[in-house]
Amino acid sequence: MTQRPIIIQKYGGSSVATLEKLEAVAQRVVQKQSEGFGVVVVVSAMGNATDELLRRARQITPEPPARELDMLLSTGERTTMALLSIAIQKHGAMSISFTGSQSGIVTNDSHAHARIISVRPFRIQDELERGKIVIVAGFQGTSYKNEITTLGRGGSDMTAIALAGALSAQACEIYSDVDGVYSADPKVVLSAQKLEQLSSAEMLEMAQHGAKVLHDEAISYAHRHQIALYAKKSHDPASTGTFIRPDGWPDYALQQAELRPLAIVTAKKTMYVSLDVPSPASWLGTLQKTDGIKLMDMSLSHSHAEALLDIWNCTDEDALRAALGNGASGILRADVKNVTAVGHDLGRFPAIPAKYQALLAEKNITPLAMFIQPNAVTFVVRDVDVAAASDALHACIKN
Ligand code: ADP
Ligand code: ASP
Ligand code: MG
């Protein structure tokens, strides 16, 4: 059989939340195949199935063993893959479902947030050649020790992009409940605008500060491997989505008189740390050894550590507090979030963060902290202030 161009489509939890939605996805992928594509479909767990599985494990013990949690959580995506394959076959097309390990996704041995180290999709290639639609359970792989691993929350995007790279796919389409990437989470900022396209460098900066519409490591992979990526809305044939070009930062300076943010973003679950530490070096060592956290911002002086951590992948917040607060005095707060203005060079000119701070002050919002990076200005605010702070900074995109 002559090689057909391959398309990877990834459907997230809300896109496959019910059997009706799964059947609609089945029709759509059958249609795509009939247009002449080899179709690989990556699926997430249905609706909130992953949270539900986590909740059940924690009913037994607050600290479930990481290996068993991975065994448990991987079943969410496996349920979807088999149900979707059943639905596709009902429509008269040929399909086969594969787990991450059957798809050749090999990871390191870090349970709960494993990293992909190689992708050997031989079985997928064989089945595509036989004319089948291949369904892959996202978010999981197998370690070189032959253990089931998961890729961290939101990790099905990673599966899709890694397969797009390994199969030299023409494009990778990520379907969710929004019509692409917006200038802020449209559920938080009602005036958020859809971005027709942006570069993977811009998207990576947004994702690293928490815009979970696309997974940060997946974007980084797409950037490195030059994969064309589309974020689209499922169950909406009119969705044009957002094209994420695999390239670097555009030169805004040539396009606009004043630097403006590209987007305002907030991470899903964060911890703000401000501690007096006897030895910053050993505190840094503790942070380095702590599982399931991502460092968004940090500053260290001779006796003080301040950091903003993304803790969405942390399975045991109490243990995290105990480890980071050990021998230190200060605050560890999880009832706060970042509100980050992302844009090229925003942090290079003091006038810009100063202007944003003044806008927050006008709304009576006093941030707990501020972090400045070359392409991102972050304010740490209380959960209750996130919407108002996001709105205030979002106004700078247009005005
Ligand atoms: P899925 O479960 O399909 O992977 P996610 O929940 O991970 O979908 O991502 C889609 C969600 O991302 C949207 O419902 C939206 O609330 C949120 N989101 C956050 N920031 C943005 C943004 N800048 N643009 C679009 N959506 C965003
Ligand atoms: N089901 C997993 C999660 O909820 C992975 C994913 O949806 O991408 O995080
Ligand atoms: Mg997601």
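The values are calculated or read from the model by the stated rules, or taken from the named source; none is laboratory data. From a predicted model like this one, the values you see are computed outputs, not experimental measurements. For neighbour counting, all protein chains shown are included, and Cβ atoms are generated from backbone atoms with ideal geometry for every residue, glycine included. The protein model used for the area step is the full one, side chains on, heavy atoms only, and it has no ligands, DNA or RNA in it. Shrake-Rupley method; radii C 1.70, N 1.55, O 1.52, S 1.80 Å.
A compact table of results
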| quantity | calculated |
| --- | --- |
| Mean separation of Cα contacts under 8 Å, 6 or more apart, over the residue count of the stretch 200-286: relative contact order % | 31 percent |
| Highest-MSF residue in the chain out of Ser199, Ser282, Ser168 [GNM, Cα springs under 10 Å] | Ser282 |
| Sulfur and carbon atoms: percent of accessible area, the stretch 112-216 [1.4 Å] | 45 percent |
| Charge-dipole axis of the chain as Lys and Arg at +1 and Asp and Glu at -1 on Cβ define it, positive-most pick from Ile88, Ile352, Met298 | Ile88 |
| Coordinate range along principal axes, alpha carbons of the stretch 137-193, Å, largest first | 48, 26, 14 |
| Cα-Cα P(r), the stretch 201-242, percent of pairs per 10 Å interval | 29, 48, 22, 0 |
| Gln197 paired with Asp126, simple spin-label distance in nm, labels 7 Å along Cα-to-beta-carbon | 3.9 nm |
| Relative contact order [Cα under 8 Å, 6+ residues apart], the stretch 331-399, whole percent | 41 percent |
| Dipole of the chain [Lys/Arg +1, Asp/Glu -1 at C-beta], most positive-end residue of Ala26, Thr142, Gly104 | Ala26 |
| Share of alpha-carbon pairs per 10 Å distance bin for the stretch 157-316, given as whole % | 10, 32, 31, 19, 7, 1 |
| Rounded to the nearest 20 debye, dipole of the stretch 58-184 from Cβ charges on Lys, Arg, Asp, Glu | 260 debye |
| Quotient of C-alpha Rg and 2.2 N^0.38 Å, computed over the stretch 207-296 | 1.50 |
| Per residue, the convex hull volume that the Cα atoms of the stretch 268-375 enclose (Å³) | 114 Å³ |
| 20 Å Cα-Cα reach of Lys355 towards aspartates and glutamates, excluding residues that sit fewer than 8 places from it in its own chain | Glu258, Asp345, Asp385, Asp391 |
| Viscosity 1.567 mPa s, temperature 4 °C, Stokes-Einstein D of the stretch 83-219 from Kirkwood C-alpha radius, µm²/s | 79 µm²/s |
| Cα-based convex hull volume of the stretch 24-74 per residue, rounded to whole Å³ | 74 Å³ |
| Dipole moment magnitude, nearest 20 debye, the stretch 103-244 about Cα centre, only Lys, Arg, Asp, Glu C-beta charged | 260 debye |
| Charge dipole magnitude, Cβ of K and R +1, D and E -1 - the chain, Cα centre, debye nearest 20 | 600 debye |
| Lysines with Cα under 29 Å of Lys90, excluding same-chain neighbours fewer than 8 positions away | Lys10, Lys21, Lys32, Lys132, Lys232, Lys233 |
| Farthest toward positive dipole pole in the chain [+1 Lys/Arg, -1 Asp/Glu at C-beta], among Ser168, Ser14, Gly36 | Gly36 |
| Distance between the stretch 127-191 and the stretch 34-89 - C-alpha centres, whole angstrom | 13 Å |
| Label-zone membership for the stretch 30-54, site Gln102, 7 angstrom Cα→C-beta point, backbone N under 16 Å | 40-44 |
| The chain - share of DSSP beta bridges that are antiparallel (%, nearest 5) | 60 percent |
| For Arg382, net neighbour charge (Lys/Arg +1, Asp/Glu -1) across residues whose Cβ lies under 14 Å away | 0 |
| Largest to smallest principal axis extent of the C-alpha atoms in the chain, angstrom | 63, 51, 33 |
| Acute angle (nearest 10 degrees) that the helix 19-34 long axis makes with the longest principal axis of the chain, alpha-carbon atoms | 70 degrees |
| Directionally averaged shadow of the stretch 77-139, computed from the convex hull of its alpha-carbon atoms, nm² | 4.2 nm² |
| The chain: angle of helix 351-362 to the longest principal axis, Cα-based, in degrees nearest 10 | 80 degrees |
| Sequence-separation-based contact order of the chain, relative, with Cα cut under 8 Å and 6+ spacing, percent | 13 percent |
